[in-house]
Structures are given as C-alpha cells and as structure tokens.
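Colleague: Sharing a structure with you now.
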Amino acid sequence: MFRAVCRLQWKASFTAVALIAVAGFIVPLLAVQRAGFAVGDRRAWDLVTMLAAVESAGSLFQILAIMLGLTLSVSAWSADHQGDHVYALTLPVPRWYYVLLRFGAGVVLILPVTLAVGLGCALAIQGIDLPAGLRSYGTAITLRFALAALVAYAATFALAAGTKRTAALILGSLVAVFAISELLAMVGVGQGLLTTLMVGIFARPGPFEILAGPWTLIGV
Amino acid sequence: MNYAIETTGLHYRAGTTFELGDLDLRVPTGSIYGFLGPNGSGKTTTIRLCLGLLRAARGTIRVLGHAIPAETHRMFARVGYVPERPHLYPTLTVREALDYHGAFHPRWDAAGATGLLRTFGLAADTRINRLSKGENGKLLMLLALAQRPDLLVLDEPTDGLDPVVRRDVLMAVIEFVSESGATVFVSSHLVHELERICDWVGVMDRGRLVAEVPMHSFKNGIKRLRVRNAPAQAGDMPFVLLARERADGASGTEVWVVRGWQPTMHQYFEGIGAVLQDVVDLDLEEGFVELLRTARSPREG
C-alpha cells in the first residue's frame, strides 16, 4: 500500500524533484568553485571574501529545501483537490492513516534529494586543501538540508491538505496581519509587528529556526 | 428482509435552497435498485450521505450493516463506488491506476481486472489524462467491479457516454451481478436504462423519496385508462389516481393515469356509471413522469 502511494507521489512530482536534486548536487560544487577554494593559487583571494562567497551560495540550500517541501506537498494533494478528495475518501482505510501514507511518501522523496546534496557536498570538498582553521561541514549541511526540507514539507503539507476555504483563511489572516502591521507602523505604534512575528516564527527556538541563519559549507 | 442500505429519518440541508427531508431508504440485499429522479432531486446527495462523504444533520445510515459515518472505511472494503465525476489521478497510467486501487482493496481481483481491460478495450499504458470520457467511465466501472464488492454504488454511471460504451458498462454490471449476487444501487435520470436492469426502484423528487417499490409493481401498477362519462366526483377509488385529463377529440372521454391497478377494478367504473374503454400499460418513463406530477401536485379523486 505504501509502495503504491510512493509511486503515485513520485509520478506526480518526479520532474520537479529531479530538478531540485540536480540543483542540490550542483550548488555545493558551485559554491566551492565560485569562492575559489578549488583553485590552486589561494593567495590571490582573501579568505574572508572566500567564506562570504561560500555563505552566500549556501542560501540556495534554504531555497531548495523550501522548494522541495512545497513541491512535494502541493503535488501530494493537487490531484485530490481536483477530484474533491472523493477517491481518497472512498478508499478502505481510515482517513488519518491515508494522510500518514501520503505524508510518508513525501518524506521518502526527500531522501534522494538529500543524497544528491550530500554527494555534491562530498565531491565539492574532496580534494580541496583547506587552510588551517577552516573546516568543511558537508555532513552537517546535508543533514540540515534534510531537516529543513522536512519542516518545510510538514508545514506546507498541512496547509495543502486543507480545502480552498482553509487556504483562503490562512492567506487572508496573513494579509490582515501584514495590513495591520503597516497601518500601525504608519501611525508610529507597534513598529515592526511583522518583523517581530517573523523573528518569532523563524529565529526563536522552534522548528522553523532551521530554515533561518547561515548555511556554510566551509567555515571556521 | 435484509437491507444493503438502510436510512432512517435522514435529514440534510445544503445552504438555503436544498433540503433532504426525513429520508427512509431501504435497498434490499441482492437487488438491483434503480434510484430515479430529475436533476437536482437529491440522488447524488443521498448517495454521498450513505457513503459517508457528507454528514447528515440527523438520522441513521447503515450500509452492509456498518454504521455510517463511524465505520465508513470498513464499509468501503465491501463497496465499489462509481461517482458521477471522474476522480482518478491523472498522472497514472491505466495499469498503474489498477495497481494503486488494488493495493488498497483486500478482495482485489487482478486477473478479473485484466480481463475487464480487454473487454472494455482499454490500453493499459495510456495515461488517465489522455482517456476519453467513455474510457474514463469504463475504467471507473472496472475498478469498482474488480474490487469484488458486496454492494456496487453507481452514480449516473452512463451519463454522457455513447450508446456502445453504455451497453458495455451495463453488460459488465449485469454479468458481475449474475456471478456474485451483489447488490447494485444505481442512480440515473435515464429511465429506460434502469427499466431493463432493475428489480427495485426508488424515486426522488425535491429531496424526498416519493416512491420505493419493486420494479414489477411500479411498471405493472401504473396504467393509462380511457374512461367515458365519468362523474366529476368519482367517490372512493380502489386505486391511486395520478392524473385526470380530458381526452383529445372525444367529448365526454377522459384519460386517467392510475397507480395500483388490478384487472378486477373495472367493476368500479360500472359502479359510478362510467365506461372503461381502454387500459394501456405505461412504460417506466411515463410512469415516472406521472409519479412526479402527482408528487408535486397531489390530486384527490
């Protein structure tokens, strides 16, 4: 049963997942290449600039993780939405179990992309002679990518599973929060409400924190 | 009598315009039950309620002995459902759709499914989003039949299909029922289609079940009578008068549409001083139309 659901998820999302996997493989190679670590003559470069270049490329990992989560969750539910969930609701399994199967199938598809990222990281740092005091974080980046993709997937999966009404409600709430924040900022009260909210979601200890902050393949 | 589907006092309201009122539906086990009604009469809503896809405001539903909605998923292990609109995953091929469906259904008949693929002329490697409407209808029927269900629920299964496909689909249903003895609950507004296959009929109109009878009694009981010199007040009738109209081109002659007719009832007309000139059998469609007319504006004899 789970294998059948995995196959369905794969068929619905394989093009996007394959593209993200390719990108995940290339990003670490490009990051190292652009920063100049792979070039023999390191004297021409300033280490700070090199690390900044690696860190800058690292933000692509965040984007890829979010894209992967979003792709998997949207593709998990889009066909069901089109058919008003009739097919899923008429399967002889409890609804919670079906949702779990669909969620699990998405998680399985995070694995090959994570593998591509890990392979890319391993190849990128293989053979480069890091200056004293610098370390590579290939495994950490790979694990972080997997967790970030999982968090993004879980959050968007919950949203995508809802009805259009639920989606409209959530979107409406976000727009309302943004509008109130802007209005308050205009009259000089409660400045930075949106910023506070974003900090609350992404920076404070919590699952979304993994998506924020620097992603450095090479650091001190 | 055992019932495959049994509802009691079922009530459902959708917005302010549609209401399903106190529906007591009983589908005998082993029957082919035709669920008739004009568009918007509540057939699909009733089916969705019975399958736990909608929640009733009040009332009870039992399908194959399972309480709905509490035991919906257990019920679906024994129920094949062909909905009004196709709902399959468009990225799958026909073969993949069969495999997917079969993975969930404990009584899946893989060999039977392959046989039906040939019967229906469906190519296994065609993607579902490339199937025509008729092919989609056949695939939905195939999936429902290969589950080997105890109850087959078909919601307008042949709506919009060409006559050849329609015949193929109905033949497959008849063959399945003759082999398995399963109950079939089929909704349609194509009355002639149901007339050929059903042994029970339920008629919905404006959210109410206006008739639920064996097909033979529905068909045989509704007659068109040609009556001469009938008095305006016709007294107590031994049958139900559905319609009474003046006949064209003959003064003093009327056409009566009645339900519950028996041959011995001609004596009634002698008793009221009228002459019964002719008794004509109505087919199901005519009977259905007359029944709806009566349900909407009841007449008294």
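The values are calculated or read from the model by the stated rules, or taken from the named source; none is laboratory data. Every value quoted in this text rests on a predicted model; they were computed, and no experiment measured them. Glycine also receives a Cβ, built like all others from the backbone with ideal geometry; neighbour counts cover every protein chain displayed. For the accessible areas, the whole protein counts, side chains as well, though only heavy atoms, and no ligand, DNA or RNA atoms are used. Shrake-Rupley method; radii C 1.70, N 1.55, O 1.52, S 1.80 Å.
Colleague: Where in the range B:2-22 does the amide nitrogen come within less than 16 Å of the point 7 Å from the Cα of B:Arg58, taken along Cα to Cβ?
Modeller: Inside the label zone: B:8-14, B:19-22.
Colleague: Summing both sides, how much accessible area is buried between B and A? Use a 1.4 Å probe and give Å² to the nearest 100.
Modeller: The B and A chains share an interface burying roughly 2300 Å².
Colleague: Hey, another quick one. Where Rh is the Kirkwood radius over the Cα pairs of the protein assembly as shown, the temperature 37 °C and the viscosity 0.692 mPa s, what D in µm²/s does Stokes-Einstein return?
Modeller: Rounded, D is 117 µm²/s.
Colleague: State, as an integer percentage, the relative contact order of the range B:1-63 based on alpha-carbon contacts under 8 Å between residues 6 or more apart.
Modeller: Numbers: 100 pairs, mean separation 28.4, N = 63.
Relative CO of the range B:1-63 lands at 45 percent.
Colleague: Label points 7 Å out from Cα along the Cβ direction at B:Asp236 and B:Val164: separation in nm?
Modeller: 5.9
Colleague: For the range B:219-300, what relative contact order do you get, as a whole percent, if you take Cα pairs closer than 8 Å and at least 6 residues apart?
Modeller: Averaging sequence separation for qualifying contacts and normalising by length gives 44 percent for the range B:219-300.
Colleague: Using a basic spin-label model with each label point 7 Å from the Cα along Cα→Cβ, how many nm lie between B:Glu245 and A:Val108?
Modeller: Going by the 7 Å Cα→Cβ label model, 6.3 nm.
Colleague: Going toward the positive end of the dipole of the protein assembly as shown, with +1 on Lys and Arg Cβ and -1 on Asp and Glu Cβ, which of A:Met67, B:Met204, B:Ser217 do you reach last?
Modeller: A:Met67
Colleague: Oh, and also: At 1.4 Å probe size, with every protein chain present, just tell me what the per residue accessible area of chain B comes to in Å².
Modeller: 44
Colleague: For chain A, what mean projected area does the convex hull of the alpha carbons give, in nm²?
Modeller: In nm², the orientation-averaged hull projection of chain A is 15.3.
Colleague: Could you state the accessible area per residue of chain A in Å², with a 1.4 Å probe and every protein chain left in place?
Modeller: 53
Colleague: Sticking with this one: Compute accessible area for the range A:1-19 by itself and then with all protein chains, 1.4 Å probe, and report residues whose area falls by 30 Å² or more.
Modeller: Output list: A:Met1, A:Ala4, A:Arg7, A:Leu8, A:Lys11.
Colleague: Among A:Leu30, A:Leu60, A:Leu169, which one moves the most in a GNM of chain A with springs linking Cα atoms closer than 10 Å?
Modeller: A:Leu169
Colleague: Also: Using a probe of 1.4 angstrom, how much of the accessible area of the range B:219-300 is carbon and sulfur, in percent?
Modeller: Accessible surface attributable to carbon and sulfur in the range B:219-300 totals 44 percent.
Colleague: Rounded to the nearest 0.05, what FRET efficiency is calculated for A:Leu100 and B:Asp281 with R0 set to 60 Å and r the Cβ-Cβ distance?
Modeller: Efficiency for this residue pair is about 0.55.
Colleague: Quantify how much of the Cα-Cα distance distribution of the range B:3-206 extends past 32 Å, in percent. It would help to have the intermediate numbers written out before the result.
Modeller: Numbers: 2810 of 20706 pairs.
Within the range B:3-206, distances greater than 32 Å cover 14 percent of Cα pairs.
Colleague: Separate question: Work out the P(r) tail for the range B:117-250: percent of alpha carbon pairs separated by more than 19 Å, whole number.
Modeller: For the range B:117-250, the share of Cα pairs beyond 19 Å comes to 63 percent.
Colleague: Can you tell me the Rg and the Dmax, both Å, for the Cα atoms in the range B:21-128?
Modeller: Here Rg and the maximum Cα pair distance are 16.5, 47 Å.
Colleague: Using a 1.4 Å probe over the heavy atoms of the protein chains, calculate the carbon and sulfur portion of the accessible area of the range B:3-206 as a whole percent.
Modeller: Reported share for carbon and sulfur atoms: 48 percent.
Colleague: Sticking with this structure for a sec: What is the spread of the Cα atoms of the range B:219-300 along each of their three principal axes, largest first, in whole Å?
Modeller: 30, 28, 21 Å, listed from the longest principal axis down.
Colleague: Apply the membrane-span-like helix rule to chain A: whole DSSP H runs, Cα extent along the own long axis of at least 27 Å, mean Kyte-Doolittle hydropathy at least 1.6. List the helices found.
Modeller: Counting only whole DSSP H runs, the qualifying helices are A:95-125, A:138-161.
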